[in-house]
Amino acid sequence: MGKKVKKEAESPPKDVFDPLLIESKTPATVVLMLSSPESEVLAKACDALYKFASKGDENKLTLLGLGALEHLYKLLSHEDPIVRRNAVMVFGIMASNHDVKKLLRELDVTNSLISQLAPEEDVVIHEFATLCLAHMAVEYTTKVKIFEQGGLEPLIRLLGSPDPDVQKNSVECLCLLVQDFQNRAAVRELNVIPPLLGLLESEYPIIQLLALQTLEVISKDRETRIILGENKGLDLLLNILENNELSDLHIETLAVLGNCLEDVHTLQLIQLTGGLKKLLSFLEVSTVPGIQKNAAKAITKAAYDAEIRKILHWEEVEKFLLNLLETDNDEVKIAASQAISAMCENIDSKSVLGLQGIPQLVQLLSSDNEEVKEAAVTALSNLTTASPRNVSVVAEAEGIEPLMNTLNAQRDGAVANAIAVLINLSLQEPSRVSIQSHGIMSALAGPLRSTNSQVQSKAAFAVAAFSCDADARSELRNAGGLGPLVKLLHSKNEEVRRNACWAVMICASDELTALELCSLGALDILEEINLSTKRKNKFSEAALEKLLDNNLSQKYSRMGYLSSSNIITNGFYDCGQIKHGKKFLSLEELSKQELTDRRAIIFINAK
């Protein structure tokens, strides 16, 4: 900020007097001269201070300490235009310093500076007043003040100034001001789009860049995008992309167009004029990582709308995204994977991306970059959900082993989505058998202990999906997975609790596992859950029933009856009914007790 865009030197205009005499004096003396009643002395003093302040931050702080700003502030309303001009110049040059800015806010100079932007004022006053405002507009409180004091209208008017420094400072100030949403709406009402588009044709790249950055912020609003289309702004932006000499502006140009892609109306406009084809052709040949990444991000944001996904699919955006997966840049791969996840919501896109993209995404699971791994496995999760064809493609691409390895990833999102893909694969018998042979039940013991609710939920779901046979349940028992699973029954997260109940219900299908679950306290927790109308669910009731059905001794002791389908076998014992909350003792524990005169324990041992 503060660099001039014009070629001429930074010295103030030559005036009738010679400031050399004053320059030889100390800064303190010159500051004292700011109290002079003579206009010529004041003008010369300001001029000398401008030159002194221009030499660096140390000098600015010296003037600050001498109280120069308070004197200069009074001169902003001086009747002599030369005094006023020279005072504004000192403000403009000093405002780059943090401590100076702080005092300027306390002095509340914005109103005085805005009044210097009147059309009849000298162009140098415009230049340095806008420079000072641009330095100050970094602060939120100043943004609000400029808005409340009517500063937006003159700043927008000065975008059309014949002086490039005035243009640059004004657009820089507006670029900062529109970070605040109320200013965005206000500049739109003040018709900021035409002058901003005019600046895109400036001969100074810094002005073009600032205009694009301003357009990027304000085009986040739908109303602005419509005005942009009406003012042929989209054509202007596409022309910049087609001009290789303006390649330094391509990333910012794409950011504006990316916002336009989020709006069906604007996107249809670009499509009808052939602009979308032009845009995708440009993207397909670009090898600039920043451009590739931003384009993929823009597609991700736009693809949240079903109608937009349809248009993007018609224009074969999938081809571009699949090419991006092959780049050497990790950030581009991440952005492309995220865009693939978003486009999956379109069933036709899902089909195209699955067939060609899954083998590439499976390869990315072996990346050293954890974020790449997470983005790739998330895309695979979205591609394989409700798509048997894509599930088969993952298996054919030998995806099971890398997916199993991803269960040890550092990022929770990667672990949760890897489990989700394995669950999707489990719906096909050959894949389920293969996953089980890779030791899925042992591998799930870690995720079950996670503190992340998404990982916990998926891990519990996976236990339910893969515990259909006794071997799998035995593997989970031996891996110490039942303890953390039972703990998940306590979860405050409804989905985690429901999936844990479901997993317990499936695991309780054999007596050994049911007994261990009971010894870990699953029965008591489930009984407690089922007493709560808010916490109970259909799985919590079914899990309790299944646990008791595979632990008949405990069922009889708790309920006082057995169902007609319950068949007593060796090992059943009746120790009488236990009170709620009391621990049910195993045979071993009972055998260690002293003999009493209470009812004998009946034990069935037909062997």
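Scanning segment 406-438 for residues being among the polar types (S, T, N, Q) and closer than 17 Å to Ser450 by Cβ gives a total of 4. The residues of segment 344-363 that are of a type in the set (A, V, I, L, M, F, W, C) and out of contact with any Leu (no Cβ under 9 Å at 6 or more places or on another chain), listed by number, are Ile347, Leu355.
Being of a type in the set (Asp, Glu) and farther than 24 Å from Ala95 by Cβ narrows it down to one of Glu189, Glu172, Glu139, so name that one.
Values: Glu172 fails: farther than 24 Å from Ala95 by Cβ; Glu139 fails: farther than 24 Å from Ala95 by Cβ.
Residue meeting the stated conditions: Glu189.
The single residue among Thr273, Thr300 that is open to solvent by 60 Å² or more (accessible area, probe 1.4 Å) and either more than 19 Å from Cys344 (Cα to Cα) or in contact (Cβ under 8 Å) with a residue 40 or more places away in the chain (or both) turns out to be Thr273.
Residue count for segment 514-523, restricted to those that are surrounded by fewer than 23 Cβ atoms within 10 Å (Cβ to Cβ) and in a helix (DSSP H, G or I): 4. If you filter segment 537-551 down to residues that are among the charged types (D, E, K, R) and over 13 Å from Cys518 (Cα atoms), you find that the one that is least open to solvent (accessible area, probe 1.4 Å) is Glu541. Looking at segment 122-151 only, could you name the residues that are open to solvent by 10 Å² or more (accessible area, probe 1.4 Å) and either free of Cβ contacts under 8 Å to residues at least 40 places away in the same chain or touching a strand residue (DSSP E or B) at 6+ places or on another chain (Cβ under 6 Å) (or both)? Val138, Glu139, Thr141, Val144, Lys145, Phe147, Glu148, Gln149, Gly150 - these are the residues of segment 122-151 that are open to solvent by 10 Å² or more (accessible area, probe 1.4 Å) and either free of Cβ contacts under 8 Å to residues at least 40 places away in the same chain or touching a strand residue (DSSP E or B) at 6+ places or on another chain (Cβ under 6 Å) (or both). Here Ala508 fulfils each of the conditions (1) closer than 22 Å to Ser450 by Cα; (2) open to solvent by less than 60 Å² (accessible area, probe 1.4 Å); (3) over 34 Å from the mean Cα position of the chain (by Cα) apart from (1). The single condition among (1) in a helix (DSSP H, G or I); (2) within 31 Å of the chain's Cα centre (by Cα); (3) closer than 23 Å to Arg105 by Cβ that Glu216 does not satisfy is (3).
Gln182 fails exactly one of the following numbered conditions: (1) closer than 26 Å to Val217 by Cα; (2) modelled with pLDDT of 95 or more. What is the number of that condition? Result: Gln182 passes all but (2). Can you work out which of the residues in segment 418-474 that are touching a helix residue (DSSP H, G or I) at 6+ places or on another chain (Cβ under 9 Å) and charged (D, E, K, R) is least open to solvent (accessible area, probe 1.4 Å)? Within segment 418-474, the match that is least open to solvent (accessible area, probe 1.4 Å) is Arg473.
Under the condition of being among the small types (Gly, Ala, Ser) and touching a helix residue (DSSP H, G or I) at 6+ places or on another chain (Cβ under 6 Å), which residue from segment 225-264 is surrounded by the most Cβ atoms within 10 Å (Cβ to Cβ)?
From segment 225-264, those among the small types (Gly, Ala, Ser) are 229, 233, 247, 255, 258; that's our starting set.
From what's left, touching a helix residue (DSSP H, G or I) at 6+ places or on another chain (Cβ under 6 Å): 229, 233, 255, 258.
Details: Gly229: 20, Gly233: 24, Ala255: 19, Gly258: 21.
Step by step, filter segment 225-264, then rank; the result is Gly233.
Scanning segment 96-109 for residues that are of a type outside the set (Asp, Glu) and either crowded, with 22+ Cβ neighbours inside 10 Å or without any contact (Cβ under 8 Å) to a residue 12 or more places away in the chain (or both), we see that the one that is farthest from Lys74 (Cα to Cα) is His98. Restricting Leu383, Leu353 to those that are in a helix (DSSP H, G or I), open to solvent by less than 30 Å² (accessible area, probe 1.4 Å), in contact with a helix residue (DSSP H, G or I) (Cβ under 6 Å, 6 or more places away or on another chain) and closer than 20 Å to Val415 by Cβ reduces the list to Leu383.
May I ask you to list the residues in segment 33-92 that are among the hydroxyl-bearing types (Ser, Thr, Tyr) and touching a residue at least 12 places away in the same chain (Cβ under 8 Å)? Working first, answer last.
Taking segment 33-92 as the starting set, the residues that turn out to be among the hydroxyl-bearing types (Ser, Thr, Tyr) are 35-36, 39, 50, 54, 62, 73, 77.
Ser35, Ser39, Tyr50, Ser54, Thr62, Tyr73, Ser77 - these are the residues of segment 33-92 that are among the hydroxyl-bearing types (Ser, Thr, Tyr) and touching a residue at least 12 places away in the same chain (Cβ under 8 Å).
If I ask for residues that are in a loop (DSSP other than H, G, I, E, B), surrounded by 13 or more Cβ atoms within 10 Å (Cβ to Cβ), under 55 Å from the mean Cα position of the chain (by Cα) and not hydrophobic (A, V, I, L, M, F, W, C), which ones from segment 552-598 would you list? Selection gives Asn566, Ser586.
Just to be sure, is Asp328 acidic (Asp, Glu), farther than 14 Å from Leu283 by Cβ, out of contact with any Ser or Thr (no Cβ under 9 Å at 6 or more places or on another chain) and in a helix (DSSP H, G or I)? Break it down stepwise before answering.
Values: acidic (Asp, Glu): yes; farther than 14 Å from Leu283 by Cβ: yes; out of contact with any Ser or Thr (no Cβ under 9 Å at 6 or more places or on another chain): yes; in a helix (DSSP H, G or I): no.
It is false that Asp328 is acidic (Asp, Glu), farther than 14 Å from Leu283 by Cβ, out of contact with any Ser or Thr (no Cβ under 9 Å at 6 or more places or on another chain) and in a helix (DSSP H, G or I).
For first residues located in segment 209-236 and within 11 Å of Leu197 (Cα to Cα) and free of Cβ contacts under 8 Å to residues at least 24 places away in the same chain, partners that are among the charged types (D, E, K, R) and part of a helix (DSSP H, G or I) and lie 6+ apart or on another chain with Cβ distances below 7 Å do not occur. Within segment 38-91, how many residues are touching a Ser or Thr at 6+ places or on another chain (Cβ under 8 Å) and open to solvent by less than 10 Å² (accessible area, probe 1.4 Å)? The total comes to 4.
Checked against the criterion of being in contact with a helix residue (DSSP H, G or I) (Cβ under 9 Å, 6 or more places away or on another chain) and at pLDDT 95 or above, the candidates Leu42, Leu21 yield just one match: Leu42.
Restricting attention to helices (runs of 4 or more DSSP H) lying wholly within segment 386-504, give those where 1 or more residues are more than 28 Å from Leu526 (Cα to Cα) and modelled with pLDDT of 95 or more.
388-396, 400-406, 412-425, 429-437
Please verify whether Ser202 is buried (at least 24 other Cβ atoms within 10 Å of the Cβ), of a type in the set (Ser, Thr, Tyr) and either more than 16 Å from Ser115 (Cα to Cα) or under 33 Å from the mean Cα position of the chain (by Cα) (or both), treating the condition exactly as stated. First the steps, then the outcome.
Values: buried (at least 24 other Cβ atoms within 10 Å of the Cβ): no; of a type in the set (Ser, Thr, Tyr): yes; either more than 16 Å from Ser115 (Cα to Cα) or under 33 Å from the mean Cα position of the chain (by Cα) (or both): yes.
No.
The values are calculated or read from the model by the stated rules, or taken from the named source; none is laboratory data. The structure displayed is predicted, hence computed values, not measured ones. Counting neighbours? That spans all protein chains shown, and the Cβs are built from the backbone with ideal geometry, glycine included. Side chains are part of the model used for accessible areas, which takes the heavy atoms of the whole protein and leaves out ligands, DNA and RNA. Shrake-Rupley method; radii C 1.70, N 1.55, O 1.52, S 1.80 Å.
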